[in-house]
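To start, the structure itself, in structure tokens.
The values are calculated or read from the model by the stated rules, or taken from the named source; none is laboratory data. Note that the structure is predicted; figures quoted are calculated from it, not measured. No Cβ is skipped: glycine too gets one built from the backbone with ideal geometry, and neighbour counts run over all protein chains shown. In case anyone asks, the SASA skips ligands and DNA or RNA and just uses the protein heavy atoms, side chains included. Shrake-Rupley method; radii C 1.70, N 1.55, O 1.52, S 1.80 Å.
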Amino acid sequence: MRAAKHESLRKLRIAACLFLLAGVFRQMDHTLPPLPSAVCFLMTNLIYIALTLVWGISIRRRILHQNMRRHLLLSCAMAVLWLLLRAVKYRYFQSDHLSRMLWYGYYIPMIFAPLFGFLAALELGRREERPLSPRLRLLYLPAVLLLLGILTNDRHQLAFRFLTERMSDGADYAHGFFYYAVVGWAIGLMLASVGIILHKCRLSESRSRAWIPLCVFGCGALLSLASFTNVYTFHKGPECCCLTFIVLWESCLQIGLVPTNGSYRLFFTESTLAAQIADRNGQVLYRSKAAPILTREQMRAACDAPMMLSPDERLQSAPVHDGFVYWVENVAPLNRAKARLEETRALLTEENELVRAETALRKQQAEIEEKSRLYDRIASLLAPKFEKMEALLNQGDAALPLVCVIGAFVKRRSNLALICEGERSVSIDELTYCIRESLEYLEGCGVVCALTSSTGGIKTDGTVLQTAYDFFEDCVETALPALSALMVRLSGADGFSIRLMMQDADALPDASVYAECGRLTIDEEDGASCLTLFFPAGGEQP
């Protein structure tokens, strides 16, 4: 930073020396013969115009805000115009009228340069996409009126009142209203510009140096006043006014009241960003202190795709004007985050496995409990049958056929309960299989049996099938041992019904037990007892 300030001061000293040299040439212009005098005149104006143009070029490079830069460049153009008008007026035009018009032309830059500077001050701190208020364009109205008042002075002489008949800037004249209005306009806008800059500046260090531009303006104003009153003749009024305007703005730039990019190269070098800028041939032009030294092979590889310099450093590249910018990203936080994510993923995977295992275990336990519940229910349901079988076995071999019949029922009833568990509807064929096997064992007891079924794969509620099979077994056990013949008919038309025709039945079951389950009817047909248990379709009440 200190080196940058020394460089700025060196340039300012050079500019001051050249300005003084131009004053020396101007003094020589008045004392030398015509030819050397012309050379001195040319050198004087070349130095003035060159200094102004160089300052404009520096403004174009240092000011990044587009609108602010444009207004300052317009002010610089006004200063150049003033110096050009002054140069051609004294050497190339002898006509009083043309010379006077060029003299009046001085006031074009004198009016508009401070206005453009004022608009530049208003742009300070504003975003580029937010233009100034259209109302500010009204400032051009008094500027134009003042300029018209100067340019039409020959008609009303309200700017310069000539005291002789010869109207020329060299003749005796007195200043009028428009002249003082222009001077007040210029001084007021320049002071307003400084005030706006001071108001918008947020840097306490820069605000503490606000006296510098104020002193510069005061000294410049005194110098211009001395030049206009011929007290100071080393430089003339136009260059003194231009100097005041330029040095005023330059002082604001130098002390930081107006932001510039003059120290960007230093900021880049001193920054902690590990970056560097190289041309297309791989020659490094700018490098920060934290940037590593890269080989050309690494640069070429980074231009194609990001590459890893180390497990925690990734080199990236992007094209810029006439070259590339390279920077190193520290991916250590990403690696740590990735490692933590991997650990978390592993933990979640283990937890998921445990949850799945726990869920499977709970499901298995639920299935076991459900099976145990089902087996307990079946055991509780068939417990009377087991007791009856045990009592029959104690009576000897004569009771074995009946034991077999009951055993077949126990087996088939258990199987039917398992089939119907959890099913809303079961095929009637399952009941057919159960009854058919029971009939086989009845035939072993000497009972003539027959089975007819017209169900055709019809399904019905599982509870209905179990109740029907219980009804069948109850009828058989009640009718034995006198039962001689049994015919069973199953029907699925308009509901489900089971009909038993028993010959020589010993007794009939208790009808009240099945009255709530279905519609039970008992009748006689050809000397046989007929029992029909009907279950309506669709869950209708019997």
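Descriptive notes on the structure:
- Some residue of the stretch 266-281 being touching an Asp or Glu at 6+ places or on another chain (Cβ under 7 Å) and either surrounded by fewer than 19 Cβ atoms within 10 Å (Cβ to Cβ) or part of a loop (DSSP other than H, G, I, E, B) (or both): yes
- Exclusive hit being at pLDDT 85 or above, within 22 Å of GLY492 (Cβ to Cβ), among the hydrophobic types (A, V, I, L, M, F, W, C) and part of a helix (DSSP H, G or I), set LEU442, LEU416, LEU465, LEU451: LEU465
- Residue satisfying all of: in the stretch 323-343; farther than 12 Å from LEU309 by Cβ and open to solvent by 70 Å² or more (accessible area, probe 1.4 Å); farthest from the chain's Cα centre (by Cα) among these: GLU343
- Some residue of the stretch 58-70 being open to solvent by 40 Å² or more (accessible area, probe 1.4 Å), small (Gly, Ala, Ser) and without any contact (Cβ under 8 Å) to a residue 24 or more places away in the chain: no
- Conditions (1) part of a helix (DSSP H, G or I); (2) surrounded by 17 or more Cβ atoms within 10 Å (Cβ to Cβ); number of the one not met by MET501: (1)
- Evaluated against (1) surrounded by 12 or more Cβ atoms within 10 Å (Cβ to Cβ); (2) within 30 Å of ARG413 (Cα to Cα), GLU369 falls short on exactly one condition, (1).
- Residue match in the stretch 473-491 (condition: acidic (Asp, Glu), touching a residue at least 12 places away in the same chain (Cβ under 8 Å), closer than 20 Å to ASN415 by Cβ and open to solvent by 40 Å² or more (accessible area, probe 1.4 Å)): yes
- Enumeration of residues in the stretch 329-346 that are closer than 28 Å to ALA290 by Cβ, in a helix (DSSP H, G or I) and hydrophobic (A, V, I, L, M, F, W, C): ALA332, LEU334, ALA337, ALA339
- Test: residue in the stretch 232-250 that is at pLDDT below 80, buried (at least 16 other Cβ atoms within 10 Å of the Cβ), in contact with a Ser or Thr (Cβ under 8 Å, 6 or more places away or on another chain) and more than 30 Å from LEU20 (Cα to Cα): no
- ALA450 farther than 30 Å from ASP397 by Cβ, hydrophobic (A, V, I, L, M, F, W, C) and in contact (Cβ under 8 Å) with a residue 24 or more places away in the chain: no
- For the stretch 419-439, filtering for residues that are under 60 Å from the mean Cα position of the chain (by Cα) and either aromatic (Phe, Trp, Tyr) or not in a helix (DSSP H, G or I) (or both) leaves 6.
- Leading residue by the ranking (farthest from PRO109 (Cα to Cα)) among those in the stretch 135-160 that are open to solvent by 70 Å² or more (accessible area, probe 1.4 Å) and over 59 Å from the mean Cα position of the chain (by Cα): ARG155
- GLU525 vs. criteria of a type in the set (D, E, K, R), at pLDDT below 85 and within 23 Å of VAL448 (Cβ to Cβ): yes
- Filter pass, GLU477 being out of contact with any Pro (no Cβ under 9 Å at 6 or more places or on another chain) and part of a helix (DSSP H, G or I): no
- Lone unmet requirement of (1) open to solvent by 80 Å² or more (accessible area, probe 1.4 Å); (2) among the polar types (S, T, N, Q); (3) closer than 19 Å to VAL247 by Cα for THR31: (3)
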